[in-house]
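Readers should treat all values here as calculations from the given coordinates under stated rules, not as data from a laboratory. Keep in mind the model is a prediction, meaning the values are calculated, not measured. Cβ sites come from the backbone with ideal geometry, for glycine too, and all protein chains shown count toward neighbours.
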Amino acid sequence: GRSLVIAIDGPSGSGKSSVAREIARRLGLAYQDTGAMYRALTLVCLENGVSVQNQAAVEELAERFYFEQWFDPGVGMVAAGLDAERALDVTDEIREPRVSEAVSAVATNLGARTELIRRQRAAIESVRNRMVVEGRDITTVVAPKAEVRLLLTASEAARLARRGAQLASSGEQQSAEQLAQQVLARDAKDSTVVDFQRAADGVVTIDSSDLDFDQTVAAVLRLVHETV
Ligand code: C5P
C-alpha cells in the first residue's frame with residue numbers, strides 16, 4: 001500500500017499511547033511507541049551499573065544495546081538488553097517508577113537521542129512507511145513529513161488522573177502527590193530538549209481533556225480521513 005505515517009506527539013498522560021495503538025489497530029497499521037525505546041535504554045543503564053548522568057557511557061550504550069519492539073498493536077511487547085544474547089522481555093519493567101524517574105536524563109543526552117532517532121526512522125522504513133508513531137518529537141524530528149501530524153494534549157488535571165489510573169491498574173503504589181510531582185518534573189525536564197506542549201507548523205492539536213477514549217479515537221480517525 002501507499003505510505004501512511006501518522007505521527008502523534010504529546011505529554012505523558014495525554015492518552016496518546018492507548019489512542020495511537022487503537023488507531024493502528026483500526027487502520028491495519030504498525031505501531032511504534034518511541035518512549036519505550038528511551039525507557040528500555042534507561043533500564044539497561046540501571047541494570048548494568050551505568051549512571052544515566054554519564055553522558056559518554058550512555059551514548060556508547062545507546063549505540064550498541066539490543067532493542068526490539070513488536071509493531072503489532074495487539075502485542076505491545078518490548079525486549080532489550082546489553083546485546084541480543086542477553087535480551088529479556090522488559091514490557092512491564094520499563095513502566096516502573098525507577099525508570100520514569102531516570103528516563104529524562106537519557107532523553108536529554110543528545111548523542112543518545114541521535115542514535116535512538118536513527119533507529120526509530122529505520123523502524124518506520126522497515127514497515128514501508130505504514131505506521132502510527134507516537135512520542136515527543138515525532139511530528140517535528142523523527143517523521144516531519146508524515147502524512148498525518150497530530151499533537152494530543154490534555155489539561156494537567158486530566159493527565160494526572162489518567163496516569164494515576166494507569167499506575168493503579170498496573171499495581172504500582174504511589175500517592176497522588178508523588179505522582180503529580182513525578183509527572184510534572186518529567187515534563188519540565190523533557191521540555192528542555194523537545195517542545196511537545198505547542199504544535200509546530202502544520203501540526204493539528206486535539207485536546208482530549210473533555211473527551212473519553214472513544215471520542216478521542218473518533219476525532220483522530222476523522223482527522224486521518226480528512227487528510228489522506
Ligand atoms: O511516552 P513515555 O512517557 O513512555 O516516554 C518516556 C520518556 O521518553 C519521556 O519522558 C521522554 O523523556 C522520552 N521521550 C523522548 N522522545 C520521544 C519519546 C519519549 O524524549 N519521542
For the residue pair GLU96 and ALA161, what label-to-label distance in nm results when each label sits 7 Å from Cα along the Cα-to-beta-carbon direction?
3.1 nm
Taking 7 Å along the Cα-to-C-beta vector as the label spot, tell me the LEU110-SER175 distance in nanometres, rounded to one decimal.
3.9 nm
Extending each Cα 7 Å along its Cβ direction at GLU85 and SER126, get the distance between those two points in nm, one decimal.
2.1 nm
Going 7 Å from the Cα of SER18 along its beta-carbon direction, which residues of the range 141-162 have the amide nitrogen within less than 11 Å of the resulting point?
162
Name the shape class, rounded, prolate or oblate, that the alpha-carbon gyration tensor gives for the range 166-220, where a ≥ b ≥ c are the square roots of its eigenvalues, rounded holds for a/c under 1.5, and otherwise prolate holds if a/b is larger than b/c and oblate otherwise.
oblate
Would you look at the GNM of the chain, springs on alpha carbons closer than 10 Å, and say which of ALA218, ALA62, ALA102 moves the most?
ALA218
Principal axis box of the range 83-228, alpha-carbon based, largest edge first, Å:
44, 43, 28
Positive end of the charge dipole of the range 112-228 (Lys, Arg +1 and Asp, Glu -1 on Cβ, about the Cα centre): tell me which of GLN178, GLN166, VAL141 has its Cα farthest that way.
VAL141
Along its three principal axes, how long is the range 141-185 when you only count alpha carbons? Whole Å, largest extent first please.
41, 20, 16
Highest average packing first - 131-143, 104-116, Cβ atoms within 10 Å:
131-143, 104-116
Over the chain, the sum of -39500 (n - 2.57) across DSSP H runs of at least four, divided by residue number and rounded to 500 deg cm²/dmol, gives at 222 nm -15000 deg cm²/dmol
